[in-house]
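Read the figures in this text as sums done on the coordinates, not as results from a lab. Values in this document were obtained by computation on a predicted structure and should not be read as measured data. Cβ sites come from the backbone with ideal geometry, for glycine too, and all protein chains shown count toward neighbours.
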Amino acid sequence: MEAFPSVSNIPFEGSGSTNPLAFKHYNAEEEVEGRTMRDHLRFSVVYWHTFRGSGSDPFGPGTMQRPWDDGTDSLENAKNRVRVAFEFIDKLGAPFYAFHDRDVAPEGASLSESHANLEAVADVLEEEQQRTGVRLLWGTANLFSHPRYMHGAATSCNAEVFGMAAAQVKKAIEVTHRLGGEGYVFWGGREGYQTLWNTDMRREQAHLARFLHMAADYAKEIGFQGQFYIEPKPKEPTKHQYDSDAAACLNFLREHGLKGRFKLNLETNHATLAGHTMQHELDVAGAADALGSIDANTGDLLLGWDTDQFPTDIYLTTQCMLTLMKYGGLTTGGVNFDAKVRRESFDPLDLFYAHIGGMDAFARGLKIAAAIRADGRLESMLRERYSSWDSGLGAEIEQGRHSLGTLEQHMLELGDAAPNASGRQELLENIVNEFL
Ligand code: XLS
Ligand code: NI
Ligand code: NI
């Protein structure tokens with residue numbers, strides 16, 4: 001029995017269409033810069049919000065109407081939900097999905113029961129992947145919901161909790177590997193602190209590094225070559241999380257010799273919680289060759305928390321796509337909708353509207369970014385701005401052929417630096433707007 005009988009495969013109808021169940025811009029086969037939109041964007045649906053989100057908030061219970069879900073934590077219900085999820089992803093036409101271990105399968109009364117539940121559901125995931133051709137973008141372990149993780153997982157003060165987290169991650173990597181996952185994400189939900197009065201920060205960070213090294217070792221042992229990612233987020237649920245932003249993660253990875261194995265999975269709403277723009281986070285990661293994947297969502301300017309809304313702002317998606325393309329585009333990563341429908345949008349159809357809107361917004365961002373790149377004015381103004389480094393003194397400094405002494409000599413001869421050129425910010429902003 002179908003869960004969405006009134007919806008068939010979402011077609012591309014073009015910008016003239018008013019059909020709410022059609023794409024206006026995302027045309028999977030259409031080529032942009034010699035690559036299909038499907039391959040540029042690598043859209044992914046998240047299991048946790050889309051199939052486990054109840055709509056509850058700190059002030060009230062769930063509101064979502066999900067007629068296929070019996071509301072229990074049974075294995076049968078979990079397996080049935082997988083069929084529904086793949087019907088949805090397949091009809092939507094997204095090539096990927098992502099999950100946490102505990103989204104897809106219930107936690108058991110013991111670790112071995114939890115392991116068995118996950119393996120049992122993975123059987124169904126595998127079947128459905130084969131049936132539909134939908135692939136796993138990345139897997140992850142939920143190391144933040146169970147009360148045992150109240151003090152953190154890899155950074156817990158309790159060594160046996162660290163042990164449980166390790167066991168859970170081992171199984172999650174195995175299942176991700178078995179399902180052909182292209183990556184594996186570490187989001188440190190409670191890896192941080194609520195108060196420094198009870199926190200040994202140096203020790204906690206060393207434990208986190210040990211944990212990630214063990215994960216890398218285990219992946220190697222079983223032959224899992226998928227990309228590892230760290231997903232920065234500064235706070236929520238804790239007051240401070242160690243993976244607070246892209247720069248902090250890169251510093252941590254370098255300090256602990258993990259940089260080669262890990263890239264970053266950047267989420268828009270986490271960037272804004274960190275006081276950054278998504279464009280900033282993408283550029284920081286890209287400049288360090290660590291731009292891996294994105295959790296595509298957006299926050300609300302007037303709400304200071306992780307509202308995880310679907311991205312519909314074309315300016316934002318244009319910035320995302322321009323920066324991604326600047327660094328060569330997505331390879332193992334994807335545009336993963338870590339986003340949830342509003343509590344008031346309880347109808348199953350809203351799941352389609354939300355994803356279609358996000359996919360169209362990113363498709364427009366892609367086309368606009370490609371047009372800006374083809375135009376070339378932005379790029380040539382950038383090149384021109386740094387042209388003093390292309391030859392003469394600038395080139396000599398870049399080549400390491402100067403010291404403070406030789407530069408003093410040079411500037412004493414010249415008397416002063418050449419006059420500066422305008423930054424042209426407003427003109428650059430106007431040029432971007434020409435394409436929107
Ligand atoms: C929560 C995070 C989480 C990760 C996966 O804020 O975004 O959903 O993406 O654990
Ligand atoms: Ni996320
Ligand atoms: Ni988030």
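Out of Ala246, Ala296, Ala287, one residue alone is in contact with an Asp or Glu (Cβ under 6 Å, 6 or more places away or on another chain) and either away from ligand 3 (no atom under 12 Å from the Cβ) or at negative phi (or both). It is Ala246. With respect to (1) free of Cβ contacts under 8 Å to residues at least 40 places away in the same chain; (2) surrounded by fewer than 17 Cβ atoms within 10 Å (Cβ to Cβ), the lone exception for Val284 is condition (2). When segment 1-29 is examined, which residues are found to be touching a Ser or Thr at 6+ places or on another chain (Cβ under 7 Å) and surrounded by fewer than 16 Cβ atoms within 10 Å (Cβ to Cβ)? Listed by number, the list holds a single entry, Glu29. In the set (1) more than 14 Å from Met201 (Cβ to Cβ); (2) surrounded by 18 or more Cβ atoms within 10 Å (Cβ to Cβ), the condition left unmet by Gly260 is number (2).
Matching residues to (1) within 24 Å of Gly333 (Cα to Cα); (2) among the acidic types (Asp, Glu); (3) surrounded by 15 or more Cβ atoms within 10 Å (Cβ to Cβ):
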site: His115; (1), (2), (3): no, no, yes
site: Ala122; (1), (2), (3): yes, no, yes
site: Glu126; (1), (2), (3): yes, yes, yes
site: Leu136; (1), (2), (3): yes, no, yes
site: Gly139; (1), (2), (3): yes, no, yes
site: Pro147; (1), (2), (3): no, no, no
site: Met150; (1), (2), (3): no, no, no
site: Ala153; (1), (2), (3): no, no, yes
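Can you spot a residue in segment 299-316 that is acidic (Asp, Glu), away from ligand 3 (no atom under 16 Å from the Cβ), under 26 Å from Gly180 (Cα atoms) and more than 14 Å from the chain's Cα centre (by Cα)? No, segment 299-316 contains no residue that is acidic (Asp, Glu), away from ligand 3 (no atom under 16 Å from the Cβ), under 26 Å from Gly180 (Cα atoms) and more than 14 Å from the chain's Cα centre (by Cα). Of the residues Thr312, Thr307, Thr298, which is within 16 Å of ligand 2 (Cβ to nearest atom) and surrounded by fewer than 19 Cβ atoms within 10 Å (Cβ to Cβ)? Residue meeting the stated conditions: Thr307. Taking Ser380, is it farther than 22 Å from Val84 by Cβ, of a type in the set (Ser, Thr, Tyr), more than 18 Å from the chain's Cα centre (by Cα) and more than 16 Å from ligand 1 (Cβ to nearest atom)? Taking the combined requirement at face value, the residue satisfies it.
Cβ separations smaller than 6 Å between residues 6+ apart or across chains give the following pairs from segment 55-72 residues that are aromatic (Phe, Trp, Tyr) to residues that are assigned to a loop (DSSP other than H, G, I, E, B): Trp68/Ala3.
Just one of the numbered conditions (1) basic (Lys, Arg); (2) surrounded by fewer than 15 Cβ atoms within 10 Å (Cβ to Cβ); (3) under 30 Å from Val46 (Cα atoms) is not true of Arg401: (3). Residues in segment 40-60 that are closer than 20 Å to Arg102 by Cα and not in a helix (DSSP H, G or I) were compared, and the one that is nearest to ligand 2 (Cβ to nearest atom) is Val46. With respect to the conditions (1) within 15 Å of ligand 1 (Cβ to nearest atom); (2) in contact (Cβ under 8 Å) with a residue 40 or more places away in the chain, Leu303 lacks only one, and its number is (2). Out of segment 348-376, which residues are under 17 Å from Gln279 (Cβ atoms) and touching a Phe, Trp or Tyr at 6+ places or on another chain (Cβ under 6 Å)? Of everything in segment 348-376, those that are under 17 Å from Gln279 (Cβ atoms) and touching a Phe, Trp or Tyr at 6+ places or on another chain (Cβ under 6 Å) turn out to be Ile368, Ile372.
Residue by residue through segment 26-51, note down the ones that are closer than 17 Å to Thr307 by Cβ and out of contact with any Leu (no Cβ under 8 Å at 6 or more places or on another chain).
Result: Val46, Trp48, His49.
Tell me, yes or no, whether segment 255-267 has at least one residue that is of a type in the set (A, V, I, L, M) and within 16 Å of ligand 3 (Cβ to nearest atom). Checking segment 255-267: at least one residue is of a type in the set (A, V, I, L, M) and within 16 Å of ligand 3 (Cβ to nearest atom). Among the residues making up segment 371-383, a single one is touching a residue at least 24 places away in the same chain (Cβ under 8 Å) and among the acidic types (Asp, Glu): Asp375.
Taking segment 174-206 as the search range and keeping residues that are small (Gly, Ala, Ser) and out of contact with any strand residue (DSSP E or B) (no Cβ under 7 Å at 6 or more places or on another chain), which one is farthest from Val335 (Cα to Cα)?
Filtering segment 174-206 for residues that are small (Gly, Ala, Ser) and out of contact with any strand residue (DSSP E or B) (no Cβ under 7 Å at 6 or more places or on another chain), the one farthest from Val335 (Cα to Cα) comes out as Ala206.
The set of residues in segment 327-370 that are part of a helix (DSSP H, G or I) and without any contact (Cβ under 8 Å) to a residue 24 or more places away in the chain contains only Asp350. Could you list, in sequence order, the residues of segment 273-293 that are within 16 Å of ligand 2 (Cβ to nearest atom) and either in a loop (DSSP other than H, G, I, E, B) or within 21 Å of Ser44 (Cβ to Cβ) (or both)? Result: Ala274, His276, Met278, Glu281, Leu282, Ala285, Leu291, Gly292, Ser293.
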